[in-house]
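J.: One structure, pasted below without further comment.
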Amino acid sequence: MKNVTHAKCVRCGAEYEAVPGLTTCTCGGMLDIQYDYGYIRTLVSRETLSGCRDYSMWRYRPFLPVEPDSPPTPLRVGWSPLYPAPRLAQVLGLKALYIKDDGQNPTSSLKDRASAMAVVKAREAGADTIACSSTGNAASSLAGNAAAAGLHTYIFVPARAPKGKVAQLMIFGATVITVDGSYEDTFELSKAAIDRWGWYNRNAAINPYLLEGKKTVTLEILEQLGWQVPDYIALSVGDGCTIAGAWKGLKDLYAAGLIDRLPRLISVQAEGCCPLNRAIQTGEPWSPMEENTLADSIAVGVPRNADKALMAIRESQGVAVNVSDGEILAAMRLLGRTCGVFGEPAGVTGTAGVKKALELGLIDPASTVVSVVTGNGLKDVANGIQAAGEPMLVRPDMDCLLSAFAQHSITP
Ligand SMILES: *Cc1c(COP(=O)(O)O)cnc(C)c1O
Ligand SMILES: [Zn+2]
């Protein structure tokens with residue numbers, strides 16, 4: 001990897017060689033992959049990218065910590081659509097809005113970007129088995145991307161994991177271990193098993209390569225915008241790996257001379273579980289919170305990538321905004337009705353935050369905003385129905401249809 005120089009601890013600054021099995025620093029801090037941007041500039045430009053026929057995250061290999069001869073992953077991860085959303089922009093009173101629909105990844109969430117990276121690094125490490133602990137999208141994306149590459153997965157899930165995501169795990173042939181205990185217990189058991197059997201570790205808070213996969217979302221957004229830098233990029237935040245990755249991607253583009261200014265981040269959390277945003281808003285160090293939200297993918301009371309996430313939000317002069325579960329459900333309906341995009345609750349939380357930030361006067365209505373939809377709504381049908389309601393039910397009879405229409409004030 002001539003583009004990578006080393007890995008550096010974000011807490012104590014210690015430096016490590018960038019071997020495939022990297023985990024955390026001996027001080028407990030997360031590592032951050034460091035690049036030689038002078039060398040990257042010799043590999044990539046706006047022109048080389050516009051001639052590139054690889055419509056997946058691997059089109060950005062000059063920016064990624066993978067060996068030049070490592071084969072890409074089989075599933076098409078990345079290059080999800082960026083839709084202009086003029087009707088939604090008008091409803092919100094915003095000059096310009098784009099929706100990046102990352103629910104269109106192969107296992108239907110942005111996590112595929114990190115899991116595809118895990119598969120490549122596991123192969124480089126010579127591993128044939130990968131493990132992680134997760135309640136949801138990290139696990140299902142790992143199981144799918146590993147299955148396609150012929151690798152086996154061990155997934156540790158807490159007993160309360162949502163059905164749609166568990167179904168994905170079983171279909172992709174993962175060995176699923178349901179742990180009768182809390183998420184913390186589940187995480188600890190997975191760690192002990194990984195140590196015992198030497199599996200490759202896909203826990204995003206431990207493995208520094210995963211964030212490098214996630215950063216491809218902003219590399220894509222900027223390329224899809226023709227390198228016109230938006231004013232804001234809005235994301236939902238749980239552990240903080242996604243927003244930290246988004247910021248890394250933007251800084252990479254800046255360092256490589258592909259963009260000449262940086263957007264600001266909008267960090268959106270649920271009111272009932274917002275430890276990172278609370279730290280931004282109060283200026284205090286973060287502290288754990290209860291996990292009080294229906295947006296399961298961001299119900300993270302003890303964020304595992306807090307250092308990098310807080311640094312990203314602060315460096316970008318970002319905006320932190322919290323939304324209620326009611327506002328999340330409303331955003332599900334609004335995105336569906338104005339854009340034809342169906343997101344899971346955590347998937348639309350970023351968009352709910354854009355609306356809220358406008359209402360609170362935190363962002364200028366004359367801004368251009370990109371909102372990332374991070375997961376598909378079909379993963380969580382129950383909350384879709386809760387957001388949009390049940391359809392009318394009629395007997396097969398025209399009079400019944402007419403009275404049902406009258407009852408619902410429908411005038412065809
Ligand atoms: C994981 C996830 C997030 C948040 O990512 P973090 O890295 O945990 O902050 C947001 N939305 C969805 C759908 C996710 O699966
Ligand atoms: Zn350290």
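J.: Picking from Ile266, Ile313, Ile259, which residue would you name as being more than 16 Å from ligand 2 (Cβ to nearest atom), assigned to a loop (DSSP other than H, G, I, E, B) and under 27 Å from Glu220 (Cα atoms)?
T.: The match here is Ile259.
J.: Checking Lys251 against (1) open to solvent by 10 Å² or more (accessible area, probe 1.4 Å); (2) more than 30 Å from Pro20 (Cα to Cα): exactly one of these is not met. Which one?
T.: (2)
Here's the yes/no breakdown for (1) closer than 30 Å to Ile385 by Cβ; (2) of a type in the set (Lys, Arg); (3) under 18 Å from the mean Cα position of the chain (by Cα):
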position	(1), (2), (3)
Gly257	no, no, no
Asp260	no, no, no
Ile266	yes, no, yes
Asp296	yes, no, yes
Glu315	no, no, no
Asp325	yes, no, no
Phe342	yes, no, yes
Ala346	yes, no, yes
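One line per residue, one yes/no per condition, for (1) out of contact with any strand residue (DSSP E or B) (no Cβ under 8 Å at 6 or more places or on another chain); (2) assigned to a helix (DSSP H, G or I); (3) modelled with pLDDT of 95 or more:
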site	(1), (2), (3)
Ile328	no, yes, yes
Ala331	no, yes, yes
Leu335	no, yes, yes
Ala346	no, yes, yes
Thr351	no, yes, yes
Gly361	yes, no, yes
Val369	no, no, yes
Ala382	yes, yes, no
Cys400	yes, yes, yes
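J.: For residues that are more than 14 Å from Thr242 (Cα to Cα), open to solvent by less than 60 Å² (accessible area, probe 1.4 Å) and either touching an Asp or Glu at 6+ places or on another chain (Cβ under 9 Å) or not β-branched (Val, Ile, Thr) (or both), tally how many sit in the stretch 255-282.
T.: 13
J.: Give me the pairs, please: first residue somewhere in the stretch 1-30 and closer than 14 Å to Ile206 by Cα and of a type in the set (S, T, N, Q), second residue anywhere and assigned to a loop (DSSP other than H, G, I, E, B) and near ligand 2 (Cβ under 8 Å from one of its atoms), beta-carbon distance under 8 Å, and either six or more positions apart or on two chains.
T.: Thr26/Ala14
J.: Go through the stretch 9-22 residue by residue and tally those that are within 12 Å of ligand 2 (Cβ to nearest atom) and open to solvent by 40 Å² or more (accessible area, probe 1.4 Å).
T.: Residues that pass the stated criteria total 5.
J.: From the residues in the stretch 162-185 that are under 18 Å from Ala295 (Cα atoms) and out of contact with any Gly (no Cβ under 7 Å at 6 or more places or on another chain), which one is surrounded by the most Cβ atoms within 10 Å (Cβ to Cβ)?
T.: Here the answer is Tyr183.
J.: Considering only residues that are under 25 Å from the mean Cα position of the chain (by Cα) and farther than 19 Å from Val120 by Cβ, which ones fall in the stretch 7-33?
T.: Lys8, Cys9, Val10, Arg11, Thr24, Cys25, Gly28, Gly29, Met30
J.: Within the stretch 108-138, which residues are closer than 22 Å to Gly350 by Cβ and surrounded by fewer than 24 Cβ atoms within 10 Å (Cβ to Cβ)?
T.: Thr135 - this is the single residue of the stretch 108-138 that is closer than 22 Å to Gly350 by Cβ and surrounded by fewer than 24 Cβ atoms within 10 Å (Cβ to Cβ).
The values are calculated or read from the model by the stated rules, or taken from the named source; none is laboratory data. Only a predicted model underlies this, so the values are computations on that prediction, with no experimental measurement involved. Here Cβ is always computed from backbone atoms with ideal geometry, including for glycine, and neighbour counts include all displayed protein chains. Areas reflect the complete protein model, heavy atoms only, side chains present, ligands, DNA and RNA absent. Shrake-Rupley method; radii C 1.70, N 1.55, O 1.52, S 1.80 Å.
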